[in-house]
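K.L.:
One structure follows; several queries about it will come next.
The values are calculated or read from the model by the stated rules, or taken from the named source; none is laboratory data. These numbers were taken from a predicted model, which means no experiment stands behind them. Note that we place each Cβ from the backbone using ideal geometry, even for glycine, and neighbour counts take in every protein chain shown. Heads up: the accessible areas ignore ligands, DNA and RNA and are worked out on the full protein's heavy atoms, side chains in. Shrake-Rupley method; radii C 1.70, N 1.55, O 1.52, S 1.80 Å.
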Amino acid sequence: MSETVQIIMGIGAMLIVIILTRRFHAWKIKKAYLLIIEDLKAHGAVDPQSAVDLPYGRRNVLKIGLKDHRPTALKSLVLDKIVGISEDGKYYLLVKTL
């Protein structure tokens, strides 16, 4: 195999790896979205008075292990106005139709 073909195959393999890892993380964040919404529904957090404190609402810098996608998903849900934050830092659902 010529050197050019090897370089092209190497670049192609790297692109495939990048695409697959991005899809994997997108899938994990989507699962986290659903988990957060179900968790808020289960606790009945539908307004600021019934808001609940989520243990994964804050990132733990000292946590060792696999990446937890729930803080990222929660931040995105707040920015998309699906989940709200009360004045005391508790979370509740804004969209009632979920």
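K.L.:
List, in order, the whole-Hz ³J(HN,Hα) value for each residue of the stretch 19-24 obtained from phi through the Karplus relation with A = 6.51, B = -1.76, C = 1.60 and θ = phi - 60°; use x for Gly and Pro.
P.N.:
So the Karplus estimates, Gly and Pro as x, are 4, 5, 5, 5, 5, 4 Hz.
K.L.:
Please check: in the Gaussian network model of the chain (C-alpha springs, under 10 Å), which one of Ala13, Ala51, Ala73 has the largest mean-square fluctuation.
P.N.:
Fluctuation is largest for Ala13.
K.L.:
Give the Debye-formula value of log10 I(q)/I(0) at each listed q (0.25 Å⁻¹), with one equal scatterer per alpha carbon of the chain, two decimals each.
P.N.:
Cα-only, vacuum Debye calculation for the chain: -1.26.
K.L.:
For a quick check of your reading of the filter: which trypsin sites (Lys or Arg not before Pro) in the stretch 1-87 sit in a DSSP loop and have no more than 15 other Cβ atoms within 10 Å?
P.N.:
Answer by residue number: Arg58, Arg59, Lys63, Lys67, Lys81.
K.L.:
Evaluate the relative contact order of the chain (contact order divided by residue number), counting alpha-carbon pairs under 8 angstrom at least 6 apart; express in whole percent.
P.N.:
Computed value for the chain: 30 percent relative contact order.
K.L.:
While we're looking at this one, here's another question. Would you calculate the separation in nanometres between label points at Ala13 and Glu87, each defined as 7 Å from the Cα along the Cα-to-beta-carbon direction?
P.N.:
If labels sit at Ala13 and Glu87, their model points lie 6.0 nm apart.
K.L.:
Which of Leu34, Leu54, Leu20 moves the most in a Gaussian network model of the chain with Cα springs under 10 Å?
P.N.:
Between Leu34, Leu54, Leu20, it is Leu20 that shows the largest mean-square fluctuation.
K.L.:
Here's another thing I want to ask about it. Can you tell me the dipole magnitude for the chain around its Cα centre, using point charges on the Cβ only (Lys, Arg +1; Asp, Glu -1), in Debye to the nearest 20?
P.N.:
Details: 15 positive and 9 negative charges, 31 e Å.
Around 160 debye, computed over the chain.
K.L.:
Calculate, in nm to one decimal, what Leu20 and Leu66 gain on full extension: separation in residues at 0.36 nm each, minus their alpha carbon distance.
P.N.:
Answer, rounded to one decimal: 14.8 nm.
K.L.:
How much area per residue is accessible in the chain when the probe is 1.4 Å and only protein heavy atoms are counted (Å²)?
P.N.:
I get 77 Å² per residue for the chain.
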